[in-house]
RNA sequence: CCCCCCGUAGCUCAACCGGACAGAGCGACGGACUUCUAAUCCGUAGGCUGGAGGUUCGAGUCCUCCCGGGGGGACCA
C-alpha cells in the first residue's frame with residue numbers, strides 16, 4: 001500500500017465536501033485543509049473529521065447541519081462502511097471490516113517493509129547527525145543524537161523520501177590542532193620522554209592508547225620531528241579516532257552513507273574551493289563587513305539581531321565560516337531539497353544564524369531544519385550516574401552499549417520526544433525482563449508469533465485467507481486496527497520529524513497481539529478454518545512488529 | 001537582562017501541530033497457569049495537566065504574566 005488508509009478516507013470526505021458545494025447544500029467556501037483524525041474512543045469510529053465544526057461559522061450554519069450535509073454525500077465504498085454525525089458536529093467514519101481483514105494479505109506481502117508509503121517520492125533529504133568532534137570517543141549524549149537521527153532517516157525513507165545519512169567530521173581548526181599536539185606529546189611519552197601536555201590538551205586515557213597504537217605501527221618515525229604536531233602523525237591519529245567513532249556507531253547499528261570532512265571544504269585552487277565560493281556569495285550579497293580587524297557576517301537584513309565573526313583577526317576562519325561553506329555545499333552544490341541537522345540543545349544558539357547563512361548564500365533558509373534534542377541524564381535505579389568531564393567520570397557511548405545492549409539503548413533513547421530531557425535508567429535497560437524493558441516486550445511478542453507459526457506447521461496447519469470473516473473477536477478487531485495503522489503513523493512521523501512515536505506504536509501493537517494470543521487459541525487442529533484465519537492474523541502481526549522494530553533499529557528475533 | 005526547551009498519576013513519560021471521558025509502562029494492592037513461550041494476561045487505586053488571567057462552540061495544547069528545572073547568549077565548538 002503506497003497510500004495510508006486515512007488518505008483514502010480523506011479523499012472521499014473531500015469529494016463529499018465539494019459535492020455539497022456544487023449542489024448548493026453548502027455555500028462556496030475557500031479550500032480548507034482537511035484533517036482526518038483517529039478518535040480516542042472506539043465508539044466514535046475508526047476515523048473522524050472536524051471539518052464541519054471549523055466551517056460552521058464561515059458558512060453561518062449550525063455545525064450539525066454542515067456535518068449532515070457533508071456526511072450524506074460521503075460515498076460508502078471500499079474502505080468506508082458507515083458514516084455518522086455526532087454531537088457538536090463531528091463526522092465519524094467506520095471502516096469496512098471485511099476490507100480491513102483483506103488488507104492483512106497486503107501486510108504479509110509487504111513483510112518488514114510494511115508501512116512504506118510514497119509521501120516523499122522525488123524529494124531528496126539529508127539528515128546530518130552525531131557529527132561529534134573527532135577529538136575523543138562518543139559520549140552518551142551523542143548516542144541520543146545517533147538514535148534520533150538514524151530513526152528519523154529510516155522513517156523518512158519509509159515515507160518514500162530519498163534520504164542520505166551524513167556525518168560531518170570537524171577535522172579543521174584549533175581543536176583538531178590541539179588534538180594533534182596532545183597526541184604528539186603522548187607519542188613522545190611512549191618513548192620515555194618527559195613532555196608536558198599542551199595547555200588545555202585532551203586529558204583522556206584514550207589519547208595514550210592512540211599514541212601506543214601509533215608507536216606500534218610506526219615506531220620512532222616522528223619521534224624527532226620538529227613539527228608540532230607532525231602532520232602525518234596528526235592525520236593518522238584522526239583516522240584512528242574516526243574509525244573508533246565509526247565502530248562505536250556500528251555497535252549501535254548506525255551507519256552513515258557519507259562522511260564529509262570539513263577540511264574538504266577548503267580543497268581546491270584558490271578561489272575555487274567550496275569555502276571560497278561560499279564566501280564569495282556572501283560578499284556578492286553584501287553580507288560581509290569588516291570591523292575590529294575581523295570579517296563578520298552581517299545578517300540584520302535576515303532578521304538576526306547580531307553579527308557573527310567569519311574570519312578572526314588572526315586570519316583564521318571560524319567554525320561558523322566552515323558551517324556557511326558546508327551548508328552552501330549541502331544546498332547549492334549537492335542540491336538537497338531539505339536538510340535536517342540533528343543537534344544537541346547546547347547548539348541552540350546556532351540555529352538562527354545558520355538558517356540566515358543558507359539564505360545569504362542563495363539557498364532557502366526554511367529548507368534547513370534543525371532538530372534539537374535535550375540532554376540525557378543517566379541513572380541506575382534510584383542512583384544518579386554522574387557524567388562530569390571534570391571528574392573524568394564520563395560515560396562513553398561504548399560503555400553504555402556494553403552495559404545495556406544496542407536494542408535497549410536504541411529503544412530507550414527513542415522513547416522520548418526530542419525536546420524533552422531524558423532520564424535513562426541503566427538498570428531497566430539492562431534488564432531482559434519485559435516488565436522492566438519494553439524493547440524486550442516487543443521482541444518477545446515477535447518471537448511468540450514465530451513460535452506460534454512453528455507450532456502450527458507441526459500440527460499441519462497453515463495460514464489461509466479463505467475464512468478471514470471468522471476474525472470477529474474484540475481482540476482480533478483491535479489487533480487488525482493496530483496493524484493497519486502503521487502507514488499513517490509513518491506519514492505523521494515523517495511530516496513532523498518525530499520518530500519517537502515508533503516505540504509507543506510498537507508497544508501497543510505488541511500488547512494487542514499478546515492480548516489476542518492470551519484470549520484465543522490460535523492453533524486449533526479441530527478447526528482448521530479458524531486456525532487458518534488466525535494464523536493469517538499472526539503472520540500480519542509478525543510483519544508489522546518486524547517492520548516497526550526495523551524502523552526503531554532493534555532486532556526482531558524468532559525465539560527468545 | 002535576553003532567547004530556547006521542559007513542568008501531566010508516587011516514578012519515567014505519551015497525548016495524532018485547538019477536539020469528544022487526559023493515556024501507557026513501572027511501582028502499589030487483588031486475581032488468573034494440567035492447553036500455542038505465565039518473559040504473559042485481567043482487575044483496583046492513583047489527576048484542579050506548576051499557578052493566575054485571556055482567546056472560543058471547545059485549551060494539557062494558542063496568547064500574556066508569575067513560579068520552578070535545564071540549556072544557550074564569546075574573534076570556543
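Computed over the range A:5-95, the Cα gyration tensor eigenvalues convert (square root of 5λ each) into semi-axes of 20, 14, 11 Å, ordered from largest to smallest. Over chain A, one equal point on each Cα, no solvent: what is log10 I(q)/I(0) by the Debye formula at q = 0.06 Å⁻¹? Once normalised to I(0) and log-transformed, intensities are -0.41.
Once the Cα atoms are used to define both axes, helix A:438-458 deviates from the longest principal axis of chain A by about 50 degrees.
Using the average count of surrounding beta-carbon atoms within 10 Å as a protection proxy, the listed peptides A:296-308, A:484-496, A:23-35 rank, highest first, as A:484-496, A:296-308, A:23-35.
Note on residue A:197 and residue A:306: the extension gain reaches 35.6 nm, defined as 0.36 nm multiplied by sequence separation minus the Cα-Cα distance. Restricting the calculation to Cα atoms, the range A:434-552 yields a radius of gyration followed by a Dmax of 14.6, 49 Å. Across the range A:434-552, the relative contact order, built from alpha-carbon pairs under 8 Å that are at least six residues apart, equals 45 percent. The convex hull drawn around the Cα atoms of the range A:109-241, when projected onto a plane and averaged over every direction, covers 11.0 nm².
In terms of overall dimensions, the C-alpha atoms belonging to the range A:276-369 reach 36, 29, 24 Å along their principal axes, ordered largest to smallest. Computed over the alpha carbons of the range A:425-476, Rg followed by Dmax gives 16.1, 48 Å. For the range A:5-53, the spread of Cα positions along the three principal axes, ordered from largest to smallest, is 33, 20, 16 Å. Spatially, the range A:276-334 and the range A:153-204 are offset by 24 Å when compared through their Cα centroids. Protection proxy ranking of A:234-242, A:192-200, A:405-413, by the mean of other Cβ atoms within 10 Å over each peptide's residues and highest first, is A:405-413, A:234-242, A:192-200.
If the segment from residue A:209 to residue A:521 were pulled out straight at 0.36 nm per residue, it would be longer than the present Cα-Cα gap by 106.5 nm. As a rough footprinting exposure proxy, the listed residues A:64, A:207 were ranked by other beta carbons within 10 Å of their own, and the order from fewest upward is A:64, A:207.
Bear in mind that the values in this text are calculations on the coordinates, not laboratory data. This one's a predicted model, so the numbers in the text were calculated from it and none came from an experiment. Positions of Cβ are generated from backbone atoms using ideal geometry, with glycine treated the same way; all protein chains shown enter the neighbour counts.
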